[in-house]
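Trainee: Please see the structure below; I have some questions.
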Amino acid sequence: MATIFNVLDFGAKGDGINDDTHAIQLAINAAFKAGGGEVYLLQGIFIISGASADGGCLTLKSNVTLAGAGQNLTTLKLKDGSSGDIDGMVRTSSVHNTDGAALNRLTLDGNQANTDGTVNGFVTGADEGSAAHAKDITVSQVTFTNLSGDGVHALAQTAGLTVQDSLAVDNLGDGFATRFDDKGSASFYDNEAANNDGDGFDLQYSAYSADTDRTYLKDLDLNANGHRFEIGLSGNLTNAIDAGSFVFADAAAPEVTLLAAARGADHAIG
């Protein structure tokens, strides 16, 4: 069983008033130093600010899980009056490797009405050519909302990112985005994007096969309506895509390794 690091023991308040950035980062650092563990945020609103030298408010480290009591129960909220671009409210390191980290059971609130600059929710990886990588990163049961940027923003040098059972809603950027150059891998399971000003899912190269010139969508489980996946289209995309745009193939084909959605409007998958 993973060692639990309660942020209250490091001075966090979770009262929606005090800035808890330093206390939460201390807990993350302690878990990392111990070889890994779960940094636990109980129910409440934890105010965070930034950006740090890594470009984010909080830097998630190898083998550390940052977990709350549940979506809409535990909230990380950007501090009123924050200004300037923030690469991620939570991000993996842009200068050091991050392996086996996770973000679970909480809400990231970008507080866009009371802040300035472009703010992303969760950011992984680094620019192409960087020595730092993010590998085997998991996001589960996380809501990304009120962000002036993207909910999830995966840069190059990201491999094995898994995002599941999560929601991106009311953001000015994309709900879920990958910015891979010609490499990188990500899997998206049973996520929903709604009412974002950008695309619901904007995934570059994460599910594209150069061998067949196809973008793949894959979900093995039926939802309550008997659907394996759903694509919601708006604007001119409605007329640009028809049944001829889709090919139904063997899900076991070797090139179909990821569940992902093609670039477009807000989509629900599951």
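Trainee: What pairs come out if I take residues in segment 1-25 that are more than 18 Å from residue 67 (Cβ to Cβ) and modelled with pLDDT of 95 or more and pair them with residues that are among the aliphatic types (A, V, I, L, M) and in a strand (DSSP E or B) whose C-beta lies under 8 Å away, six or more apart or interchain?
Mentor: Here the result reads 15/45; 16/45; 16/47; 17/47; 18/47; 19/47; 19/48, each pair linking segment 1-25 to a residue that is among the aliphatic types (A, V, I, L, M) and in a strand (DSSP E or B).
Trainee: Here's something else I'd like to know. Taking the condition of being of a type in the set (Lys, Arg) and surrounded by 22 or more Cβ atoms within 10 Å (Cβ to Cβ), how many residues in segment 21-74 meet it?
Mentor: Count: 1.
Trainee: Taking the condition of being surrounded by fewer than 21 Cβ atoms within 10 Å (Cβ to Cβ) and not in a loop (DSSP other than H, G, I, E, B), how many residues in segment 1-20 meet it?
Mentor: Residues flagged as surrounded by fewer than 21 Cβ atoms within 10 Å (Cβ to Cβ) and not in a loop (DSSP other than H, G, I, E, B) within segment 1-20 amount to 10.
Trainee: How many residues are of a type in the set (S, T, N, Q), more than 15 Å from residue 202 (Cα to Cα) and assigned to a loop (DSSP other than H, G, I, E, B) if we restrict to segment 153-176?
Mentor: Within segment 153-176, residues that are of a type in the set (S, T, N, Q), more than 15 Å from residue 202 (Cα to Cα) and assigned to a loop (DSSP other than H, G, I, E, B) number 2.
Trainee: Then there's this: Could you count how many residues in segment 33-57 are at positive phi, in contact with a strand residue (DSSP E or B) (Cβ under 9 Å, 6 or more places away or on another chain) and modelled with pLDDT of 95 or more?
Mentor: Residues meeting the conditions: 3.
Trainee: Take the residues in segment 136-161 that are among the aliphatic types (A, V, I, L, M) and touching a Leu at 6+ places or on another chain (Cβ under 9 Å), then tell me which one is modelled with the lowest pLDDT.
Mentor: The extreme case among them is 154.
The values are calculated or read from the model by the stated rules, or taken from the named source; none is laboratory data. These numbers were taken from a predicted model, which means no experiment stands behind them. Here the Cβ is made from the backbone with ideal geometry for all residues, glycine too, and neighbour counts use every protein chain on show.
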